[in-house]
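Only one structure is covered here, and it is reproduced in the block below.
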Amino acid sequence: MSKNTLFDKVNDIHIIKGNQILIGRKVIHEVTSNPASCERLRDEKYELRCPETAFAVMDHILNTKSPDGKPFKDADDELMAKTLEENVRDFGITYFAPGSGKGGICHVVFPEQGIIWPGMTVICGDSHTSTYGAFGAIGFGVGSTQLGHALGSQTIYLDEKLKIRRINFNGKLQKGVDAKDVIMYAIRSLGAKGGNGLAHEYGGEVIDNMGMEKRLTMCNMGIEGGARVAYINPDKITFDYLRGRNYAPKDFEKAVEFWKTIASDKNAVYDDVKDLDVSNLEPMVSWGTASDESIGINEKIPNTNKDALDYMRINAGDSIKGTPVDVVFIGSCTNGRLSDLENAAYIMKGRKVKVRTLIVPGSELVKYEAEKIGLDKIFKEAGAEWRYPGCSMCLSMSPDTLMNKERTGSTSNRNFKNRQGKGAKTHLMSPYTAAATAIEGKIADPREYL
Amino acid sequence: MTEKLIIPEKIIKCIRGRAIPKPGNNQNTDDMVYGGQLNLISFKGYGKYLYAEERKNNPNHPLNDPKYSGAKILIGGENFGCGSSREHAPQAFLDYGIKALIAADYAGIFQSNCAATGLIAVTMEKDYVKDLANIVKENPSMEIEIDLEKKLVSYKPHGAYQIGLDIPDNVRESFLNGTWDALGILRSNPKEVKGAMDKIPYFKFK
């Protein structure tokens, strides 16, 4: 049984009794904010406890062609947006509306506003809540009913205590190899369900040297390998990122003292330890329809899942490199942060894209900062579309949903069937690889452009 | 010692009914409810969206097969319900009339969503799950009994079979005691919640 890990320490101070656990932050988006959550509180005439710990955005249904996310694609979306606005008003939830300057994708906005702190428990009706582990917080992705539990009681029940696996990422990454490649490799190595029942603690040389935005990418994708919780121990990089942000604690140094105590001890005991050497890692590309169906860009497509090959209309034994794509999408809660856009711009600068390319910043702040350093001009001159923030093409909820079974090179997080639109064929990749793919119109190795 | 809380009208001890075999590993919640259908503000009526894309593209889909209509149990594979946390998936099963799932294992968030919504999700060893799916294909009218008290799955294709089932202890108890619909219970100890908050430094940070 694990001992003295960050997860154990956070768990210990938040457990109330039995398996009832206290929640420090409740973060909300429009898709899960009403059914069985705020709707239930209204039905029961319950108040929302501790509204000062609740924050909301709108992200999934936004129209990325306009600054306020409108017009929505249909009347159902309009009602969903209106319902979110009513809920945040009536329950006293802090809301970063589209167009306010603080809007965008939940998992991009809440970190950059300094709302998520080390040692916290965070809940969101969204599987990618694992993202917040990048701060050494414990993010639980839940459904709407459990979100309602947290809104109404500030607590949820945990079904069972997770076991803790430490994953050491050893070595030094090659140029052009990104956090996205590292986490895709980890998922491929440990399997789509390798992390079921586990919290993953990421560490080692590679993580120690990784900036916060890249750590957010790593933890964001933790859930794709089954780990409901993925986290990284807070360190100087974490504290430096948080210092001065809008919602960071004002008594910051006192907070840092506490945060230092919450990291896993040197003598922490784990239920399992895995070591992954990533020195020779190549850029990764997904070929199939499950989260562990990815390969290095110079590998051949394997013959392990006929159904996936049929859906993707590719052949075992062929190269993944050179596969033509119809669309490139750079954005999402996985890869919609400034450093992701910088990586893409580095490759696109002075070149032209050969296919339709959507670049969607993860938040209004990311958009502002990107424009301040001229990234928008680089993308526009390359022939790419520079959009307003939103979940966009990551999943089939926004007007950017693919309609014609197109094939994408996408920096999002799921290569499932129909994920980006009915019949859409997704190849997941890093922003570097997506940019190179846009330039060639087929899946390309970004290292040739660096 | 406090008395054990029991909510009689919500107790679920046993599910008995016919089953739909839906084999295959890594069935994700996008498969169960397509993203484009998530934009409704209530869960009522989600049954019609269950596996809708698969059903549209495959006339032989088990949910299109009349011999399985009226089934209360669905038999999946490994890592059932992975991916998105959308509760629309378990809600769609319930609205469709599915009261229990049998699989080799589940993704964590999906399993918690089942527990919180009153959808029984039990596991058996993966070879038994595969065998059971095949037996149901041969005997679609066969009834299966899922007994949470005895932790057994029973069925009688020819001879009688009883296979051990697994379900997290807390979840099993919540079904047997009728306490799975937990919002009211979680709200019943505000002093303890406040006490826990007072002890955690970050709740006091300015």
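General observations
- Note on B:180-190: average number of Cβ atoms from other chains within 10 Å of each residue's Cβ is 6.
- Here is the list for the range B:1-64: GluC sites (Glu not before Pro) lying in DSSP coil, each with at most 13 other C-beta atoms within 10 angstrom of its C-beta, are B:Glu3.
- Percentage relative contact order, chain B, counting C-alpha pairs under 8 Å, at least six apart: 26 percent
- Among the listed pairs A:Lys17/A:Lys193; B:Lys10/B:Lys99; A:Lys193/A:Lys236; A:Lys163/B:Lys194, those beyond 22 Å (Cα-Cα): A:Lys17/A:Lys193; A:Lys193/A:Lys236; A:Lys163/B:Lys194
- Relative contact order, whole percent, for the range A:284-449 stands at 28, derived from Cα pairs under 8 Å and 6 or more residues apart.
- Residue with peak Gaussian network fluctuation, chain A [Cα springs, cutoff 10 Å], from A:Asp181, A:Asp400, A:Asp159: A:Asp159
- Residues in the range A:419-445 reached by a label modelled at A:Lys349 [backbone nitrogen below 19 Å; 7 Å Cα→Cβ]: A:431-440
- Look at A:Val57, A:Val182, A:Val285 and count the other Cβ atoms within 10 Å of each Cβ; fewest to most, that gives A:Val182, A:Val285, A:Val57.
- Cα gyration tensor category, rounded, prolate or oblate, for the range B:8-181 with a/c compared to 1.5: oblate
- Peptide A:279-287 is shielded by partner chain Cβ atoms: per residue, an average of 0 of them sit within 10 Å of its Cβ.
- Sorted by Cβ density within 10 Å, fewest first, the residues A:Val31, A:Val88: A:Val88, A:Val31
- By the count of other C-beta atoms within 10 Å, a proxy for reagent exposure, B:Met32, B:Met124 are ordered fewest to most as B:Met124, B:Met32.
- The distance between label points at A:Glu86 and B:Phe203 comes to 3.2 nm (points 7 Å beyond Cα on the Cα→Cβ vector).
- Loop-resident sites, the range B:84-113, for chymotrypsin sites (Phe, Trp or Tyr not before Pro), counting at most 12 other Cβ within 10 Å (DSSP): none
- Between B:Asp166 and A:Asp318, the simple label model (points 7 Å from Cα in the Cβ direction) yields a spacing of 4.0 nm.
- Loop-located trypsin sites (Lys or Arg not before Pro) in the range A:34-138 (DSSP state other than H, G, I, E, B) with a sparse environment of at most 12 neighbouring Cβ atoms within 10 Å: A:Lys45.
- Rotationally averaged projected area of chain A (alpha carbon convex hull; nm²): 20.0 nm²
- Using C-alpha pairs under 8 Å with a sequence gap of at least 6, the mean separation divided by the residue count of the range B:105-206 gives a relative contact order of 23 percent.
Readers should treat all values here as calculations from the given coordinates under stated rules, not as data from a laboratory. Please read all numbers here as calculations on a predicted model, not as lab measurements. Note that we place each Cβ from the backbone using ideal geometry, even for glycine, and neighbour counts take in every protein chain shown.
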